[in-house]
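Heads up, the thing below is written out as structure tokens.
Values quoted throughout were computed directly from the atomic coordinates according to the rules given, and no laboratory measurement underlies them. Please read these numbers as outputs of a predicted model, since none were measured by experiment. Here the Cβ positions follow ideal geometry from the backbone for every residue, glycine too, while neighbour counts run over all protein chains shown.
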Amino acid sequence: MREPDTGLFVDGTWAEGPGRLPVADKYTGEVIAELHVPGPGQVDAAIASAARAGEPLPSGERAAILRRAARLLDEERDTVLARYVAETGFTPADATTELDRTLLIFELCAQEALRLTGEMVPVQAAAGHDDSICFTMRVPVGVVAAITPFNAPLSTVAHKIAPALAAGNAVVLKPAEQTPLCSIVIVRSLLEAGLPERLVQLLPGPGETVGDQLVRHPDVRYITFTGSTEVGRHIRAVSGLARTQLELGSNSPTLLWRDADLEHALPLIVRAGYRKAGQVCTSVQRLLVHEAIADEVTSRLTALVHGIPYGDPRAPGTQVGPLISTAAAQRAETLVGDAVGHGSRLLTGGTRAGAVIAPALLAGLPENALLASEEAFAPVLAIAPIGSIDEAARMANAGRYGLQAGVFCQDLDVAFTFTRRLEMGGVIINDTSSCHPDPMPYGGVKDSGQGVEGPGYAVPDMTESRTILIRHRPPSPD
């Protein structure tokens, strides 16, 4: 797959821009690419090009393009994985999982393109419409702005642009400035798969400039964004009447009830707490453990976490690589120190070397510690004891976030009680808060956002419903 020189794709051209965006290997710090950043006129030109894309492609053609693009990505697997590891600092295992998810998302969106339809409306209930026929059809919403985070530069990009294209829209993609390289490969694969050039635009650059101009533009009709709650609020404030799907911050709890199957639960918790160096919106950050099993869980988890290999993501066996930046690691170090200062016990890890944090496990998390309410986005997990369903629900619901929660228990009555009482977008029984099969609806409540991802939900949401009413009259006699 031939690489563009600039990374900036506007109105059918890999263009040069007035600014430069260096992209670093997150472990070595070496600059591995330098992309062009668009000026304000180029951002406007990209949106104007998308708005002039013309009639939507037939649904069968949309599906075929998405499937061809997925095949091209798979054929370039080695290149994609190497690029992913370099720009994220995640391990090859994490890269492989995410690429496989991306291929599935493209396939699911191709399927949704083929079954996108409206419904019949029973207008005969209204007087004078005995012979009328009324139905709805789904039409593209228009220009979709997709703004993606650094921690999933394959699958989250796919969750935003594939539904937009499946629904017949044009999409303007602004990837995270820390991890834009995988987006170039995705855009290239779509173009080589036959996507008309105006249907996709790629704008690398800072959110404060490129992203802000994009979400303020009146021709952008739908904004899909994953990132911080603060930026999500800003988007809502400046985007006018554009529709928004916002996946924002989190501080995800997972609960271990007294009858939890620990052989099943603990390996899943370790994986969910520390994969991608904890830089996942639904990472297990708070582990609420019934006091009857708290000592056993603490002992077993300490041994498991202490044994996690960390450091160079390319080294065989490494499970936890660097955070996205040294500043992010310093922030995580501060949060761990704050928790210890409030009375937590640091059981293992927490030391920092540059952007690498040793996987940290704490016990006795006080509710006034920052880790109890803020999102760490780091390989940090804290245990807190619970004694009752009421206490568990209160602690899980505390704070401003409500993305997903996990509950491990074998009592169905307890499980259903938690599904009713946890104020979350998703409640996962007998798996962690980080369980996220791509076909399911995924989104939060409270300060964790609005709307949901998931191809079967995002594709129709990226359309408008158009009502058609036909008043039938008998034909005139010959």
Segment 424-440 to segment 350-415: how many Å between their Cα centroids? 16
Hey, with R₀ at 45 Å, roughly what FRET efficiency would Leu469 and His306 work out to, going by the Cβ-Cβ distance, to 0.05? 0.10
On a full-extension model of 0.36 nm per residue, what is the gain between Arg71 and Ser373, subtracting their alpha-carbon distance, rounded to one decimal in nm? 104.5 nm
Can you work out the base-10 log of I(q)/I(0) for the chain at q = 0.11 1/Å, using the Debye formula on its C-alpha atoms alone? -0.90
Spelling out what I want: for every residue of segment 127-141, take phi, set θ = phi - 60°, compute 6.51 cos²θ - 1.76 cosθ + 1.60 (Karplus), and round to whole Hz; glycine and proline get x. 4, x, 10, 4, 9, 7, 10, 10, 8, 10, 9, 9, 10, x, 6
Which helices count as membrane-span-like in the chain under these terms: full DSSP H, at least 15 Å along the axis by C-alpha, Kyte-Doolittle mean of -0.5 or more? 40-51, 59-75, 77-88, 92-114, 155-166, 181-192, 262-274, 294-306, 326-341
Among Met462, Met120, which comes first, second and so on when ranked by fewest other beta-carbon atoms within 10 Å? Met120, Met462
A student asked for the Cα radius of gyration and Dmax of segment 1-83 in angstrom ought to give 16.2, 47
Applying the Karplus parametrisation 6.51 cos²θ - 1.76 cosθ + 1.60 with θ = phi - 60° to the phi angles of segment 468-477, what ³J(HN,Hα) value in whole Hz is obtained for each residue in order, glycine and proline being reported as x? 10, 10, 10, 8, 8, 10, x, x, 5, x
Could you tell me what percent of the DSSP beta bridges with both partners in segment 253-429 are antiparallel, to the nearest 5? 20
Inter-part distance where segment 214-229 and segment 120-167 are each reduced to a Cα centre, Å: 17
Determine ³J(HN,Hα), in whole Hz, for all residues of segment 208-225 in sequence, where each value follows from phi through the Karplus function 6.51 cos²θ - 1.76 cosθ + 1.60 and θ = phi - 60°; x replaces Gly and Pro. 5, 10, 4, x, 5, 5, 5, 6, 7, 6, x, 7, 7, 9, 8, 10, 10, 9
Would you work out the relative contact order for the chain, in percent, from Cα pairs under 8 angstrom that are 6 or more residues apart? 18
Can you tell me the FRET efficiency between Glu230 and Ala415 if r is taken as the Cβ-Cβ distance and R0 is 45 Å, rounded to the nearest 0.05? 0.85
Search the structure for amide H atoms under 5 Å from the amide H of Gly406, placed 1.01 Å from N in the peptide plane, and list their residues when 5 or more places away or on another chain. Thr254, Leu255, Ile428, Ser433
So, in Å, what gap is there between the alpha-carbon centers of segment 232-266 and segment 294-319? 25
Dipole in debye (nearest 20) - segment 171-243, about Cα centre, beta carbon charges: Lys, Arg +1; Asp, Glu -1: 260
